[in-house]
Amino acid sequence: MPELPEVETVRRGLAPSMEGAVIAKAQVNRPDLRWPFPERMAERLTGARVVRLGRRSKYILAELDTGETLIIHLGMSGRMTVSGDPVGQFHHEHPAPEKHDHVIFDMDNGARITFNDPRRFGAMDLTAQPDTHPLLTVLGPEPLSNQFNSAYLAGRLKGKKTQIKTALLDQGIIAGLGNIYVCEALFRAGISPKRQAGRISVARLETLTQAINAVIAEAIASGGSSLKDYRQADGELGYFQHSFQAYGREGLPCVRNGCTGSIRRDVQSGRSTFYCVSCQS
Ligand SMILES: [Zn+2]
């Protein structure tokens, strides 16, 4: 499931083919994904120029010169592919249509953007007012933003009896964090995922804030380097190899200097949690 760094990697991969270009033809092959598509979506997109490709949490936001913004969410299994890419050194021919190609944009620069989503948990919407869109207004601040700091986190977690891992997955507290990067950040900060959220000192929240920012920044950086390779592969964006210190390492020795513990996997709120019982408290 794509998390914030994967979505940011997709955004960066799409930007050279989409920003400044006109959607010469939008093809919408079904009435809905997770939710129904907006009315007349293909007509509203065809002929529109993409002014800017932005991102908020896990949503890609294509600002159009029609005054509307296209909101794209990849869901669980959504994939974006660029073919006919006129920008890169490597040119991908348009692939044969596949079963789950639900939305296709042919840009006026020759690029084709294909959204494929077998499980259909993805979503697209068009809005003239992204600032007040219900999907976006509920989101807390982004990692790496000025609004996200230890004082903010202390305020939001004050009195909370939930476990810290559950609190960090709450998109209203911090936007864009998913299971993998929460596990990684808590590992780096040395904080047990089971610790009560309202009972963590401000000093440790400062360490946690820095850990969250670091894991997200590093993952975005490795996504960025994966973009150099994608042009040589199949044009699919956003999924890259990334090494984790805790996530997926059940039973393996802890990598923290001086720690002799090993990584354990538990299930919290239905999700796997990976942590070291020796150095996370
Ligand atoms: Zn350890």
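The values are calculated or read from the model by the stated rules, or taken from the named source; none is laboratory data. Note that the coordinates shown come from a computational prediction; the quantities given were computed from them, not determined experimentally. Cβ: placed from backbone, ideal geometry, glycine included. Neighbour counts: every protein chain shown. Quick note on the areas: whole protein, heavy atoms, side chains included, nothing else; ligands and nucleic acids left out. Shrake-Rupley method; radii C 1.70, N 1.55, O 1.52, S 1.80 Å.
For the peptides 132-138, 260-266, residues were scored by their other Cβ atoms within 10 Å and the scores averaged per peptide; the highest-first order is 260-266, 132-138.
Accessible surface for the range 32-77, divided over its residues, is 45 Å² per residue with a 1.4 Å probe. Element breakdown for the range 105-182 at a 1.4 angstrom probe: carbon and sulfur atoms account for 51% of the accessible area.
Legend: residues Glu206, Glu250, sorted from most to least accessible area (1.4 Å probe; ligands, DNA and RNA excluded), read Glu250, Glu206. Say the cut-off is 21 Å between C-alpha atoms; which of Lys58/Lys158; Lys58/Lys99; Lys25/Lys58; Lys160/Lys194 go over it? The pairs that break the limit, which is 21 Å between Cα atoms, are Lys58/Lys158; Lys58/Lys99; Lys25/Lys58. Expressed as a whole percent, the accessible area of the range 1-69 that falls on carbon and sulfur atoms is 45 (1.4 Å probe). Using the 1.4 Å probe convention, the accessible area of the range 123-173 works out to 51 Å² per residue with neighbouring protein chains retained. Convex hull volume per residue, computed on the Cα atoms of the chain, equals 135 Å³.
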